[in-house]
Amino acid sequence: MTNWNRWFGTIYRFHPLFSIVILLSVLAGYFIETATLFAIVFVHELGHVLAAKSFGWRVKEVQLLPFGGVVVVEEQGSVPAWQEIVVALWGPLQNVWMIAAAAGLQWCGLISGDWAAYFIQANVFIALFNLLPILPLDGGKMMQSCLSLWLPYHRVIVFSCLISLAFSSVLVAISLLHALRGGIQMNLLIIGLFLLYSNWYAYKGLSYHFMRFLINREFVLSRLMNQGTLAQPIVVNGRLKVTDIVRLFIREKYHLIYVMDERGAICAVLPEQPLLQSYFNESKRGCAISELFM
């Protein structure tokens, strides 16, 4: 029972958007297609859950959507980026084996050609759609994880939200353009609006996201130092504020901060920890680094 709870004991919740799309499909007489879509989405998300739990992640719940889902985890910016990429990829990979299985069963004559064609088409759509560079889709998560390898994390989450907002707007625009041809792609419009709202909400909550990253920074630093790592220098002027400096932190790097004066001479070399302690103290967060350490 313990092993079952570890690998499969996850709460699955239907997002209201999923319920709306399912209701519209059933009313239109597409019950079989809707049930098939649900099964595909469930297996897709189960792939994410199994991959996450294999890395020891704490999975809180899975919110099921018509085009995939959102795996809610405790870890956010505290695990290696390559693990996030693997977990994100593990969903579309489930669609790959389901496509192969359907093609094999059709070849053996065990399922009808029409149903196999729909099943394969649905898997292809869900896999490719989830690979779009839009959060919280798999492609958006992989984009964010890859960017975090080279760019400061604060800049990464800002760029990811802006890119996701842009692509979400494109989806909405495409669905509305179909109105010029006599009809609106309602499913695409609903999904596009959901993604647009989701990313606008995420953009408004960037400060919270970044704070979670900094809170988990202690665990990241411990992991980096235990495995041995090269320090990434950050060179700043003494007048720069603590807030501006911590926004330069790169996710997979340990930083040493070199503080220089107006003549270009090094006045101090600081590890990350004192900067983080100062940032978490609201009275020091807006202070220049020279005021606190020089």
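Consider region 184-235. How many of its residues are under 16 Å from LEU276 (Cα atoms) and of a type in the set (A, V, I, L, M)?
The number of residues fulfilling the criteria is 6.
Could you list, in sequence order, all residues of region 249-274 that are surrounded by 13 or more Cβ atoms within 10 Å (Cβ to Cβ) and more than 14 Å from ARG239 (Cα to Cα)?
Residues of region 249-274 that are surrounded by 13 or more Cβ atoms within 10 Å (Cβ to Cβ), as a first pass: 249-261, 267-268, 270-272, 274.
Once the filter is applied, which keeps residues that are surrounded by 13 or more Cβ atoms within 10 Å (Cβ to Cβ) and more than 14 Å from ARG239 (Cα to Cα), region 249-274 yields PHE249, ILE250, ARG251, GLU252, LYS253, TYR254, HIS255, LEU256, LEU270, PRO271, GLU272, PRO274.
Would you pick out the residues in region 52-88 that are charged (D, E, K, R) and modelled with pLDDT of 85 or more?
LYS53, GLU84
Do we find a residue being out of contact with any Cys (no Cβ under 8 Å at 6 or more places or on another chain), in a helix (DSSP H, G or I), of a type in the set (D, E, K, R) and open to solvent by less than 70 Å² (accessible area, probe 1.4 Å) anywhere in region 110-129?
Pass one, region 110-129, residues out of contact with any Cys (no Cβ under 8 Å at 6 or more places or on another chain): 110-129.
Imposing the further condition that a residue be in a helix (DSSP H, G or I) reduces the set to 113-129.
Add one more test, that the residue is of a type in the set (D, E, K, R), and what stays is 114.
Filter once more, keeping what is open to solvent by less than 70 Å² (accessible area, probe 1.4 Å): none.
There is no residue in region 110-129 that is out of contact with any Cys (no Cβ under 8 Å at 6 or more places or on another chain), in a helix (DSSP H, G or I), of a type in the set (D, E, K, R) and open to solvent by less than 70 Å² (accessible area, probe 1.4 Å).
Residue under question is TYR201, and the condition is that it be open to solvent by 90 Å² or more (accessible area, probe 1.4 Å), under 15 Å from the mean Cα position of the chain (by Cα) and without any contact (Cβ under 8 Å) to a residue 60 or more places away in the chain; does it hold?
Values: open to solvent by 90 Å² or more (accessible area, probe 1.4 Å): yes; under 15 Å from the mean Cα position of the chain (by Cα): yes; without any contact (Cβ under 8 Å) to a residue 60 or more places away in the chain: yes.
Against the criterion (open to solvent by 90 Å² or more (accessible area, probe 1.4 Å), under 15 Å from the mean Cα position of the chain (by Cα) and without any contact (Cβ under 8 Å) to a residue 60 or more places away in the chain), TYR201 qualifies.
Please go through (1) surrounded by fewer than 18 Cβ atoms within 10 Å (Cβ to Cβ); (2) touching a strand residue (DSSP E or B) at 6+ places or on another chain (Cβ under 6 Å); (3) modelled with pLDDT of 90 or more for VAL170 and return the number of the only condition it doesn't satisfy.
(2)
What are the pairs, 6+ residues apart or on separate chains, where a residue within region 51-78 that is hydroxyl-bearing (Ser, Thr, Tyr) has its Cβ under 8 Å from a residue that is at pLDDT 70 or above and open to solvent by 20 Å² or more (accessible area, probe 1.4 Å)?
SER78/ASN216; SER78/PHE219
On the basis of being open to solvent by 30 Å² or more (accessible area, probe 1.4 Å), closer than 22 Å to ILE157 by Cα and of a type outside the set (Phe, Trp, Tyr), does PRO233 make the cut? Give the steps one after another, and end with the answer.
On the way: open to solvent by 30 Å² or more (accessible area, probe 1.4 Å): yes; closer than 22 Å to ILE157 by Cα: yes; of a type outside the set (Phe, Trp, Tyr): yes.
It is true that PRO233 is open to solvent by 30 Å² or more (accessible area, probe 1.4 Å), closer than 22 Å to ILE157 by Cα and of a type outside the set (Phe, Trp, Tyr).
Taking region 265-294 only, how many residues are touching a Ser or Thr at 6+ places or on another chain (Cβ under 9 Å) and not aliphatic (A, V, I, L, M)? Give the steps one after another, and end with the answer.
Kept after step one, since they are touching a Ser or Thr at 6+ places or on another chain (Cβ under 9 Å), are these residues of region 265-294: 267-268, 279, 284-287, 289, 292-293.
Within this subset, residues satisfying the condition of being not aliphatic (A, V, I, L, M) are 267, 279, 284-287, 293.
Number of matching residues: 7.
Please specify each residue of region 201-241 satisfying the condition of being closer than 13 Å to PRO271 by Cα, in contact with a strand residue (DSSP E or B) (Cβ under 9 Å, 6 or more places away or on another chain) and assigned to a helix (DSSP H, G or I).
LEU221, MET225
Looking only at region 143-164, count how many residues are over 17 Å from ARG247 (Cα atoms), touching a residue at least 24 places away in the same chain (Cβ under 8 Å) and either surrounded by 20 or more Cβ atoms within 10 Å (Cβ to Cβ) or not hydrophobic (A, V, I, L, M, F, W, C) (or both). Steps first, answer last, please.
So the first thing to find is which residues in region 143-164 are over 17 Å from ARG247 (Cα atoms), and the list is 143, 146, 162-164.
Imposing the further condition that a residue be touching a residue at least 24 places away in the same chain (Cβ under 8 Å) reduces the set to 146, 162-164.
Okay, now just the ones that are also either surrounded by 20 or more Cβ atoms within 10 Å (Cβ to Cβ) or not hydrophobic (A, V, I, L, M, F, W, C) (or both), so 164.
The number of residues fulfilling the criteria is 1.
Give me a count of the residues in region 275-289 that are open to solvent by less than 40 Å² (accessible area, probe 1.4 Å) and either modelled with pLDDT of 90 or more or part of a helix (DSSP H, G or I) (or both). Give the steps one after another, and end with the answer.
We begin by selecting, within region 275-289, every residue open to solvent by less than 40 Å² (accessible area, probe 1.4 Å); these are 275-276, 278-279, 287-289.
Now restrict to residues that are either modelled with pLDDT of 90 or more or part of a helix (DSSP H, G or I) (or both): 275-276, 278-279, 289.
Looking only at that region, the number is 5.
Looking at this structure, is GLY109 of a type in the set (Gly, Ala, Ser) and farther than 24 Å from VAL71 by Cβ? Walk me through how you get there before you give the answer.
Details: of a type in the set (Gly, Ala, Ser): yes; farther than 24 Å from VAL71 by Cβ: yes.
For GLY109, the condition - of a type in the set (Gly, Ala, Ser) and farther than 24 Å from VAL71 by Cβ - is met.
Being part of a helix (DSSP H, G or I) and in contact with a helix residue (DSSP H, G or I) (Cβ under 6 Å, 6 or more places away or on another chain): is that true of HIS178 here? Spell out how you get there, then give the answer.
On the way: part of a helix (DSSP H, G or I): yes; in contact with a helix residue (DSSP H, G or I) (Cβ under 6 Å, 6 or more places away or on another chain): no.
Considered against the rule, which asks whether it is part of a helix (DSSP H, G or I) and in contact with a helix residue (DSSP H, G or I) (Cβ under 6 Å, 6 or more places away or on another chain), HIS178 comes out as no.
Please name all residue pairs, on different chains or six or more residues apart, with Cβ atoms under 8 Å, provided the first residue is in region 89-107 and is buried (at least 20 other Cβ atoms within 10 Å of the Cβ) and the second residue is among the charged types (D, E, K, R).
GLY91/GLU45; GLY91/ASP138; PRO92/ASP138
Of the conditions (1) modelled with pLDDT of 75 or more; (2) open to solvent by less than 40 Å² (accessible area, probe 1.4 Å); (3) part of a helix (DSSP H, G or I), PHE38 satisfies every one except a single condition; which number is it?
(2)
The values are calculated or read from the model by the stated rules, or taken from the named source; none is laboratory data. Quantities reported herein were computed from a predicted structural model and do not represent experimental measurements. All Cβ positions, even for glycine, are placed from backbone atoms using ideal geometry, and neighbour counts span all protein chains on display. Please note that ligands, DNA and RNA were not included when accessible areas were found on the heavy atoms of the full protein model with its side chains. Shrake-Rupley method; radii C 1.70, N 1.55, O 1.52, S 1.80 Å.
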